[in-house]
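Since the structure comes first, as structure tokens, the remarks are kept for the end.
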Amino acid sequence: MRRSTLAIVAFSTFVMGTLTASAQNPDEPYPVPGFRFVDTKAQRPEPLRGAVRILVDDGFPPFHYRDESNRLLGLNVDLANAVCSELRARCEIKVMPFADLFPALQRNEGDVIISALRLTPQVLTEGRPTRPFYRSLGHFAGKVDNPVTSADPVQFAGKKIGVVGGSAHEAWLKRYYAESQIVAFPEPAALGEALKSGVVDVIFDDAVRLVYWVKGETSDKCCKLIDGAFVDAAYFSQPLSFIVRRARDDNLLESFDWALDRLQANGTFATLFQRYVPLDPWAASASASQPTASSTAP
């Protein structure tokens with residue numbers, strides 16, 4: 001099985017050290033766009049029968065992980081708890097290794113997987129996804145004294161852009177920033193070091209991972225996000241959804257989607273997102289001169 005947001009797989013080696021402190025203390029509130037179409041006419045679903053068994057792993061910060069006190073935390077964990085509260089349902093969370101999640105669902109040992117799974121045909125044979133509550137974003141970062149204010153391909157012409165080699169982010173840059181020098185690095189830590197040392201002018205990576213690196217100790221406060229986040233489902237913007245066991249014969253999927261709609265509409269999702277992402281990953285509205293591949297389609 002593979003995770004949905006592959007850009008963040010190496011999160012633990014890239015940002016650990018400031019994760020727990022940052023998770024609870026965003027610099028200041030910022031607007032969080034709605035990723036879901038909210039059906040305002042939908043009625044509260046019938047109460048769920050019995051307990052909802054939720055499956056998750058603990059190795060994917062900031063979405064699901066353990067802190068220094070071994071507490072299970074993360075955006076997906078808090079969001080699932082909020083869904084259960086909204087539904088007035090009794091939920092039981094079971095933590096297991098990532099590789100065991102889907103087999104456990106197949107064996108009817110759980111009802112919902114809240115870990116970030118890629119929606120492969122195999123997964124969809126046994127599970128049904130909720131509508132996405134988030135899609136991963138691409139973002140640029142540069143040195144704090146970099147005068148560039150937006151990720152305009154014209155401004156980046158001839159500049160060296162660092163990226164993880166072989167990634168969807170690299171493929172996207174090669175398509176839309178053909179006038180720049182694309183410099184590949186083997187893993188995210190090397191990418192950050194290249195920016196700090198001036199080997200490259202800017203770097204491009206997953207927005208949430210860059211937020212944690214910019215805020216973290218390893219960056220030495222060298223760098224900043226450059227305005228404009230990108231959503232491109234054809235490349236790096238994989239959806240985050242919960243996976244409901246297909247064989248369950250009640251309205252569990254519809255109930256989860258109803259609750260997720262409510263949590264977006266009433267601002268709860270935005271509050272939770274800000275709790276775990278301490279800087280605004282959208283930074284500002286993308287300029288008109290940015291690549292037209294950027295979109296905000298849910």
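FYI, it's all coordinate maths here, none of it is from the lab. As the structure is a computational prediction, the values presented were derived from the model and not from experiment. Cβ placement follows ideal geometry from the backbone for every residue including glycine, while neighbour counts extend to all protein chains displayed.
Rounded to the nearest 0.05, the FRET efficiency derived from the C-beta distance between Thr125 and Arg66 at R0 = 41 Å is 0.85. For the chain, modelled as a GNM with alpha-carbon contacts under 10 angstrom, which of Ala82, Ala51, Ala233 fluctuates the most? Greatest mean-square fluctuation among the candidates belongs to Ala51. Label zone (Ala42, point 7 Å along Cα-to-C-beta; backbone nitrogen cut-off 17 Å) within region 59-80: 79-80. Annotation: amide H of Arg66 within the under-5 Å range of Leu73, sequence separation 5 or more or interchain, hydrogens built in the peptide plane. Between Asn146 and Arg175, the contour length at 0.36 nm per residue exceeds the alpha carbon distance by 8.1 nm.
Against the main long axis of the alpha-carbon atoms of the chain, helix 252-265 sits at an angle near 50°. Exposed loop sites here are GluC sites (Glu not before Pro) assigned a DSSP state other than H, G, I, E or B and surrounded by at most 15 other beta carbons within 10 Å; excluding them, the longest clear run of the chain is 180-298. Here the relative contact order of region 138-230, from alpha carbon pairs under 8 Å that lie six or more residues apart, stands at 45 percent. Across the chain, C-alpha contacts under 8 Å between residues 6 or more apart give a mean separation that, scaled by the residue count, equals a relative contact order of 30 percent.
Measuring between their Cα centroids, region 82-158 and region 162-227 lie 21 Å from each other.
Scattering from the chain was approximated by placing one identical point on each alpha carbon and applying the Debye formula without solvent; log10 I(q)/I(0) at 0.09 1/Å stands at -0.44.
Given the options Pro31, Pro61, Pro281, which has the most mean-square fluctuation in a GNM of the chain, springs set between C-alpha atoms less than 10 angstrom apart? Of Pro31, Pro61, Pro281, the Gaussian network model singles out Pro31 as fluctuating most.
With the convex hull of the Cα atoms taken as the outline of region 138-230, the averaged projected area works out to 5.0 nm². Mind pulling the angle between the C-alpha long axis of helix 188-197 and the longest principal axis of the chain? Nearest 10 degrees, somewhere in 0 to 90. Its long axis makes an angle of about 30 degrees.
Using the alpha-carbon atoms, what tilt in degrees (0 to 90, nearest 10) does helix 75-87 show relative to the longest principal axis of the chain? Helix 75-87 sits at roughly 30 degrees to that axis. Taking amide hydrogens as placed 1.01 Å from N in the peptide plane, the amide H of Gly59 sits under 5 Å from that of no residue at least 5 positions away in sequence or on another chain. Close amide-amide hydrogen proximity is noted between Gly228 and Ala284, each under 5 Å apart and 5 or more residues distant or on a separate chain (H modeled in the peptide plane; Pro and chain starts excluded).
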